[in-house]
1. Only Lys, Arg, Asp and Glu count, each charged at its Cβ (+1, +1, -1, -1), so figure out the dipole size of chain B about its Cα centre, rounded to 20 debye.
2. Starting from the amide H of residue A:143, placed 1.01 Å from N in the peptide plane, find each other amide H under 5 Å away whose residue is 5 or more places distant or on another chain.
3. Just to be sure I understand: with springs between alpha-carbon atoms less than 10 Å apart, which residue in B:213, B:352, B:153 has the highest mean-square fluctuation in the Gaussian network model of chain B?
4. Quick one: longest stretch of chain B between exposed loop GluC sites (Glu not before Pro), exposed meaning at most 11 other C-beta atoms within 10 Å and loop per DSSP?
5. Would you work out which of B:103, B:156, B:63 lies farthest towards the positive end of the dipole of region B:61-186, given +1 charges on the beta-carbon of Lys and Arg and -1 on that of Asp and Glu, about the Cα centre?
6. Tell me which chymotrypsin sites (Phe, Trp or Tyr not before Pro) from region B:5-51 have a DSSP coil assignment and no more than 15 other beta carbons within 10 Å of their own.
7. Sticking to Cα atoms, compute the Rg of region B:187-362 to one decimal and its Dmax as the biggest Cα-Cα distance, whole number, in Å.
8. Using alpha-carbon positions, what is the distance between the centroids of region A:145-179 and region A:200-242, in Å?
Amino acid sequence: MSENSQPSSDEIIICRDVHKWFDDYHVLRGVTLTVRRQEVVVICGPSGSGKSTFIRTINRLEEHQRGQIIVDGIELTHDIRNIEAIRSEVGMVFQQFNLFPHLTVLQNITLAPIWVRKWPKSKAEEIALQLLERVGIPEQAHKYPAQLSGGQQQRVAIARALAMQPKIMLFDEPTSALDPEMIKEVLDVMRELAHSGMTMIVVTHEMGFAREVANRIAFFDEGNIVEINTPQEFFAHPKEERTRLFLSQILTH
Amino acid sequence: MSAPTTIVRPPSAPGPLRWLRKNLFSTWYNALLTVLALALIYFVGKGVIRWAFFEANWDPVRYSLKLFAVGQYPPEQIWRIGLILVLASFLFGLSARVWGGTIRNFALALAVALGALALLPADLSPLGPTGRLWLAAAPLLAVGGYLLGFTPVGKGRWALLGWLLSFVLMIVLLNGVGGISWLPRIDTSLWGGLLLTFLLAMVGIVGCFPFGVLLALGRRSSLPVVRLFCIAFIETVRGVPLVTILFMFSIILPLFLPEEIRVDRVVRAMLGMTFFASAYMAENVRGGLQAIPRGQFEAAKALGLNGFQTTALIVLPQALRLVIPAIVGQFIALFMDTTLAYIVGLTELLTVGKIVLQSNTEWLFLDMEVFLFVAAVFWLFTYSMSYASRRLERALGVGSR
C-alpha cells in the first residue's frame, strides 16, 4: 500500500482518480469519491454517463485500469483473494434482479451464506426467514422466483444480498425494471435499510427517494462526477449548467 | 342497480358428436380427408393384422428368444442374468415406493413385461430349467421391494446406495471371477443380443456425460491450452464417423499398447462409443451454457461465490435442464448406434437377427419377421427414454422462467 492510502477508519470506500476503458472508449474519466460509514450516496445522471459502470468497479464486476479503489481498508487489485474478500462484504442489487430461477426464494437467500460463509444450513435458513420478514414477504419462502411479481423478486434480491451481512450495499437502478405500482414497495425496503445505518450507494432516477434518504447526491456525466452535494443544495442551488438541465428534464416530465 | 349477480360461464358444449363435427367434419374437404384417411387406416390395419396373426411365421423369433436376449452366454450360467433381473426388479420396486412418479410407471412396466414373458407360450428351454422361474420371480420381488419401501429402509439414500452396490454386483456377476468354480469368468465373445446392446449403450451414456460436461466447460475456459485441447478434441471426433472410431479402438489401439496390457474387445468398443459420444455431448451442453444470461454469473460473483461454486451450483443445473431434450435425443441415437458394433465383430441385437436367419434353412426368407421383431425391441427402449425425458422436463420445469 502506498503512503497516502492510510484511511481514517470512518471512510469505508475511497476511490481516487478511477479510469476505465472499454477498448478505446473512455467510460470512467478520473472518478474520485469517498463514502463514510452509514452514509447513503445517490448517483444520478443521463444514461451512458458511466454511473452503473462506476458502482460495478467497487465490487470488481468491472475492472478499473487506472487509479485506486479501497473498500474497507482492502485495495482492489488483481489478487483474487482480495476480490473475493471484498465481494462478501459488499452486497449488490441489480436492475434485472438476477435471482437464480432454479432455486426457491429460501435457497436463493441461503446459498451464499452456506457456501461462502460456511454457516450450517439451519442458521442460514433462520436468518433468511428473518430477512424475508424484514422485506415483507415471509410467506413466499418456498416459491420459485418466476412465481413472484417484479417487486417481490427485487425484495428477495435485497434479502439475498443482506444475508451475507454486508457492510456496504450497492444498488444498480433497482426500480428501473419495475411496474410503477411496485416501485414503492422496493423503495420502502431501501428506506428502512438506510435508516438502520447501512452504507449505501444507489444509482437511481427516483429523485423523491434521493431527496428524502440520501446524505449526498452525485451527478454523473461523461464518465465523471460533475457535482456532488447535499440534497437540499443539490436541488435548490445546482452549480453546474449540466446539472440544471438534467434536473429540469427529470423533474418536469 | 340490482345486487351484483354472479354470471356463470356458459357450459362448453359437450358430446362426442360435436367433437367429431368440430375436429373431423368442419368443412367439406376435411370431411373428405377424414373419410379417405379412415379408409386407408382400415386397409393397412387389416393387412397388417392379417399378416401378423395368420401369415407371418414367427418361429425364428419364438425359438431364438435366448439368443436375442443374451447371445451365446452359456445356458448353465443364465441364472446370473436371472439374478440380475430379479435384483433390478427388486430395486425398481423399492425406488417406485421411494420416488414414485415416472419410476413407478417404469417399475410397473418392467414387472408386467417380465411376468408376461414368464407366461409366454414360447419355448424357453434354452434359458435353462430355471429360466421361466427367474422371470416369474421378478414381478414378485418388485412387489416385495415396493412393500419394503414402507419400512424405514424406504429412503432415497438407501435406494441410491442399493443401486450403486448392485451395479458393482451386476458387473461381477456378468463377468465372473477367475478362480471361483461356481462363478467362472465368461469370455466376452459369448456376450450378445439385447444384453450386449444394453451394456454398450449404458456404458456409453453414463461415460459420455461427465466427459462431455468437462469438455464443454473446457471449451469456454479462459486458459488457452485447455480451450484449444477441448476444441481440437471435439472438432476432430465430430469430424470422424463412429465406424472409424470403433475400428481405431478395436484394431489400432492394441497395436500401440504394450503387450502386457490387453484390453477386452467389448471394453474397447465401449471406450470407442464413450469417446465418440463425449464430443457430441460437449456440444449439447455448450448450447445450454450459452443460454445462461450474464446476470447469473454477475449475481453469483457479487455474492462471493468462487468459479467452481458458480459453475456447479448456478450454471450447470440451469444449462443441463435446458438441453434435456437434446441430450436424450443423443442418448437415443447412441442406443441405436450400438448396432455398428457388428463391424468389430460383436454380436449385438441386430447381428443376432442375421445369425438367426442363417441358422435354419427354413427361416432364410423370414427376414421380415425377424427384423420387425428387432425393430420393435429397439422402439420399446428408445420410446421409454423419450417418455422419461418428457416426464423429467415437466418435473424440472417448476422454476422455469
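Just so you know, all these numbers are worked out from the coordinates, no wet-lab data involved. Small disclaimer: the values here were computed from a predicted structure and weren't measured. Note that we place each Cβ from the backbone using ideal geometry, even for glycine, and neighbour counts take in every protein chain shown.
1. Values: 31 positive and 17 negative charges, 368 e Å.
Value, rounded to 20: 1760 debye.
2. When sequence neighbours closer than 5 places are left aside, the close amide H contacts are A:105, A:106.
3. Among B:213, B:352, B:153, the largest GNM mean-square fluctuation belongs to B:153.
4. Values: sites that count: B:259, B:260.
That gives B:1-258 as the longest site-free run.
5. It is B:156.
6. Working: sites: B:19, B:25, B:28, B:29, B:42, B:43, B:51; in loops: B:25.
Of the chymotrypsin sites (Phe, Trp or Tyr not before Pro), the ones in loops of region B:5-51 whose Cβ has at most 15 other Cβ atoms within 10 Å are B:25.
7. My reading of the Cα-based Rg and Dmax gives 19.5, 74 Å.
8. Cα centres, region A:145-179 to region A:200-242: 22 Å.
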